């Protein structure tokens, strides 16, 4: 008596329907890194303290720009800053890390993060907005928008101006 090969029958004999379903499932699986509007999906783990109000405002800014945020609260952020080799001249209140390991230190605008992740600069660690400039996301005050620099941080500790806040939409 010949055994019935269930899997072989559906893949090779019933053919078209099963193959179409399989192709659809594979396409869906490989396309799940796009957001609903077709942009690449961005997720950031945000290391912050539990009580920082400006960090919470920055997280709202990132989420409004369709960036997925995973919040991780710490009592002391020095360990995080050291882990990601953030020099004292680049430090700010919170540290965000992409799934690719790029660091976004402080109140970096979501548009700058998206631009950077779409075309990362070789040998760079990520972007920083040192300090807490007025008008940066999370640091809004009386409709005041001070011009500030968004810097790219390099692995050798150097930086260069990536863009000015006045260049943002």
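Bear in mind that the values in this text are calculations on the coordinates, not laboratory data. Being a predicted model, the structure only gives us computed values, none of them experimental. Here the Cβ is made from the backbone with ideal geometry for all residues, glycine too, and neighbour counts use every protein chain on show.
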What is the range 57-169's relative contact order, in percent, from Cα pairs under 8 angstrom and six or more apart in sequence?
21
For residue 83 and residue 167, FRET efficiency with R0 = 30 Å and r from the beta-carbon atoms, rounded to 0.05?
0.50
Calculate the spin-label point distance for residue 118 paired with residue 57, positioning each point 7 Å from the Cα along the beta-carbon direction, and give it in nanometres.
2.7
Order the peptides 62-75, 128-141 from the highest to the lowest mean number of other Cβ atoms within 10 Å of their residues.
128-141, 62-75
If I model a spin label at residue 160 and residue 91 as a point 7 Å from the Cα along the Cα→Cβ vector, what separation in nanometres do I get?
2.7
